[in-house]
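Engineer: Below you will find the structure I want to go over with you.
The values are calculated or read from the model by the stated rules, or taken from the named source; none is laboratory data. Computed from a predicted structure; not experimentally measured. Because the Cβ atoms are built from the backbone with ideal geometry, glycine has one as well, and the counts that use them run over all protein chains shown. Heavy atoms of the whole protein, side chains included, go into the accessibility calculation; ligands, DNA and RNA do not. Shrake-Rupley method; radii C 1.70, N 1.55, O 1.52, S 1.80 Å.
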Amino acid sequence: MKMDEHRLGFIGFGHMAQILFTAMHAARLVPLSQVQFVQRDRDRMKLNEEKYKITATSIEHAVSTSDVLLLCVRPGQVGPVLQEMARFGASSKQIISILSGIPISFFQKVLGEKAQIVRLMPNVASSIGEGMTTLSFSPHATVEFRSFVHLFSAPLGKYLEIPESQMDLATAVAGSGPGFVFALIQAMADAAEKGGLSHEQALLMASQTFAGAAQLALKEKNITSLLNQITTPGGTTEAGLNIMRQTQMAEHFQETLRASAQRAKQMAEQSRS
Ligand SMILES: NC(=O)c1ccc[n+]([C@@H]2O[C@H](COP(=O)([O-])OP(=O)(O)OC[C@H]3O[C@@H](n4cnc5c(N)ncnc54)[C@H](OP(=O)(O)O)[C@@H]3O)[C@@H](O)[C@H]2O)c1
């Protein structure tokens with residue numbers, strides 16, 4: 001089947017589903033007439049129909065008329081939704097799950113061992129085509145489904161296929177990562193504002209510094225060499241880096257990532273019980 005022949009059903013159409021839909025639509029991957037969505041709140045449903053020019057429907061109709069189902073509810077909401085999907089024939093469909101912490105085995109238990117599933121972990125920067133997405137496929141995912149998912153992921157930014165055993169770590173680093181970076185940008189902007197800059201100036205300075213440094217790191221691919229270039233002995237960068245070392249900032253940041261990955265693991269364990 002060609003990419004533009006697929007029929008897509010979003011099961012759950014909240015914040016992240018709308019980001020994925022918008023990126024997919026901007027890349028003109030699938031005609032709007034072949035995309036449907038499901039959500040509970042009638043008012044939001046009507047608003048989204050008008051805003052995105054796609055049709056809202058029931059889980060039954062979305063499952064029976066789509067060949068690819070994008071599962072975009074929250075992890076705590078998935079149990080009854082998946083049971084309902086299974087009742088209407090989801091076992092024979094291709095499933096893209098964006099749920100943090102919910103393993104492929106959870107879906108296989110309901111949909112069968114041979115179900116075609118991908119865990120796709122997007123991040124919020126997909127909204128500007130600068131996301132970092134990770135993918136893990138179930139063993140029975142066909143070549144055709146894999147290439148569909150790769151085409152789907154491309155407009156979101158960069159993407160990597162990884163073993164599912166690394167998905168909790170990837171969820172912490174890339175899925176939740178923007179949250180940690182926002183907190184660091186805020187800390188830098190707060191310091192600049194306390195020093196007398198306006199709020200707008202401080203936010204611009206901090207955000208652009210992160211964006212520029214990240215672009216440079218992507219281009220050079222060697223952080224040690226970048227650090228050496230920027231750190232003049234006895235200079236201003238060295239003075240700051242010394243405090244980062246003394247206060248074990250890297251270790252604290254790694255602890256942040258560990259806690260986040262641990263939470264994803266707990267969610268997987270809860271889904272098994
Ligand atoms: N936000 C992120 O940065 C991020 C990053 C990576 C992965 N994720 C994953 O993305 C998923 C969605 O997150 P989100 O932030 O988009 O959440 P959200 O805004 O709360 O969206 C959840 C959607 O699911 C719908 N829903 C829930 N139960 C339903 C049911 N029984 N039948 C039909 N629709 C139902 C909700 O409908 P109503 O609108 O009617 O309530 C809502 O549209 C989560 O599993 C999360 O782990 C999020």
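Engineer: Please report the net charge: other residues with Cβ closer than 15 Å to the Cβ of M188, K and R +1, D and E -1.
Structural biologist: Its environment carries a net charge of -2.
Engineer: Restricting to Cα pairs below 8 Å that are 6+ residues apart, what does the relative contact order work out to for the stretch 3-162? Please round to a whole percent. Can you show the working numbers first?
Structural biologist: On the way: 296 pairs, mean separation 33.4, N = 160.
About 21 percent, as a whole number.
Engineer: Which of the lysines could be linked to K158 by a straight reach, that is with a Cα gap under 25 Å, when you skip same-chain ones fewer than 8 residues away?
Structural biologist: K2, K219, K221, K265
Engineer: Taking all protein chains in place and a 1.4 Å probe, what share, in percent, of the accessible surface of the stretch 3-162 do carbon and sulfur account for?
Structural biologist: C and S fraction of accessible area: 54 percent.
Engineer: Convert each backbone phi in the stretch 245-256 into a coupling constant with the Karplus relation 6.51 cos²θ - 1.76 cosθ + 1.60 (shift: θ = phi - 60°), then list the ³J(HN,Hα) values in order as whole Hz, x for Gly and Pro.
Structural biologist: Karplus values, whole Hz, x for Gly and Pro: 5, 4, 8, 6, 4, 4, 5, 5, 5, 5, 4, 4.
Engineer: Turning to a different aspect of this structure: Enumerate the amide H contacts of R7 below 5 Å, restricted to partners 5 or more residues apart or on another chain; note that Pro and chain-start residues carry no placed amide H.
Structural biologist: D67, V68
Engineer: Just the accessible area per residue of the stretch 177-268, please: how many Å² with a 1.4 Å probe?
Structural biologist: Accessible area per residue: 72 Å².
Engineer: Post the alpha-carbon centroid distance, the stretch 56-76 to the stretch 5-53, in whole angstrom.
Structural biologist: The stretch 56-76 and the stretch 5-53 have Cα centres spaced 11 Å from each other.
Engineer: Of V63, M205, A17, which is farthest along the charge dipole of the chain in the positive direction, counting Lys and Arg as +1 and Asp and Glu as -1 at C-beta?
Structural biologist: Farthest along the dipole direction, towards plus: V63.
Engineer: While we're looking at this one, here's another question. Taking H placed 1.01 Å from N in the peptide plane, check which residues at least 5 places from G157 or on another chain put their amide H under 5 Å from its amide H.
Structural biologist: G131
Engineer: Taking all protein chains together and a probe of 1.4 Å, list F182, F210 from the most accessible to the least accessible. Display every interim value, and only then the final one.
Structural biologist: Details: F182 125, F210 60 Å².
Output order, biggest surface exposure first: F182, F210.
Engineer: How high is the FRET efficiency from A250 to L218, r the C-beta distance, R0 22 Å, rounded to 0.05? Could the numbers behind the result be given before it?
Structural biologist: On the way: r = 20 Å, r/R0 = 0.90.
Efficiency, rounded to the nearest 0.05: 0.65.
Engineer: What ³J(HN,Hα) values, in whole Hz, does the Karplus curve 6.51 cos²θ - 1.76 cosθ + 1.60 give for the stretch 15-23 when θ = phi - 60°, with x put for Gly and Pro?
Structural biologist: Along the stretch 15-23, the couplings run 4, 6, 4, 5, 5, 5, 4, 4, 5 Hz.
Engineer: Report for the chain the percent antiparallel among DSSP-assigned beta bridges with both residues inside it, nearest 5.
Structural biologist: 15
Engineer: Just check the stretch 3-162 against the gyration tensor rule for me: Cα atoms, a ≥ b ≥ c as the square roots of the eigenvalues, rounded for a/c under 1.5, and otherwise prolate or oblate depending on whether a/b exceeds b/c.
Structural biologist: Values: a/c = 1.40, a/b = 1.06, b/c = 1.32.
It is rounded, given that a/c, with a ≥ b ≥ c, falls under 1.5.
Engineer: Mind running the shape call on the stretch 45-85? Use the C-alpha gyration tensor, a ≥ b ≥ c as the square roots of the eigenvalues: rounded below 1.5 for a/c, prolate if a/b tops b/c, oblate otherwise.
Structural biologist: Oblate, since a/c reaches 1.5 and b/c is not below a/b.
Engineer: Moving on. With no solvent and one point on each alpha carbon, what is the Debye value of log10 I(q)/I(0) for the chain at q = 0.08, 0.10, 0.11 Å⁻¹?
Structural biologist: The Debye formula, applied to the Cα set alone, gives -0.40, -0.60, -0.71.
Engineer: Would you mind computing the Rg to Rh ratio of the stretch 177-268 from its alpha-carbon coordinates, Kirkwood style for Rh?
Structural biologist: My calculation puts Rg/Rh at 1.02.
Engineer: Kindly rank 239-245, 16-22 from highest to lowest mean number of other beta carbons found within 10 Å of each residue.
Structural biologist: Sorting 239-245, 16-22 by mean packing, highest first, produces 16-22, 239-245.
Engineer: Over the Cα atoms of the stretch 137-205, Rg to Rh with Kirkwood Rh, two decimal places?
Structural biologist: Checking Rg against Rh, the ratio lands at 1.25.
Engineer: Here is a further query. Between E60 and S33, what's the calculated FRET efficiency when r is the beta-carbon distance and R0 is 22 Å? Round to 0.05.
Structural biologist: Efficiency for this residue pair is about 0.65.
Engineer: Note the angle between two axes, namely the Cα long axis of helix 78-87 and the longest principal axis of the Cα atoms of the chain, as a number of degrees from 0 to 90, rounded to the nearest 10.
Structural biologist: Result, in degrees: 30.
Engineer: Now for a separate question. On a C-alpha basis, how far is the centre of the stretch 161-177 from the centre of the stretch 77-150 in Å? Whole number, if you could?
Structural biologist: Each part's Cα centre sits 15 Å from the other's.
Engineer: Further question: Mind listing the phi-derived Karplus ³J(HN,Hα) values for the stretch 170-176, rounded to whole Hz, using 6.51, -1.76 and 1.60 with θ = phi - 60°, and x for any glycine or proline?
Structural biologist: Here the 3J(HN,Hα) series is 5, 5, 5, 6, 9, x, 8 Hz.
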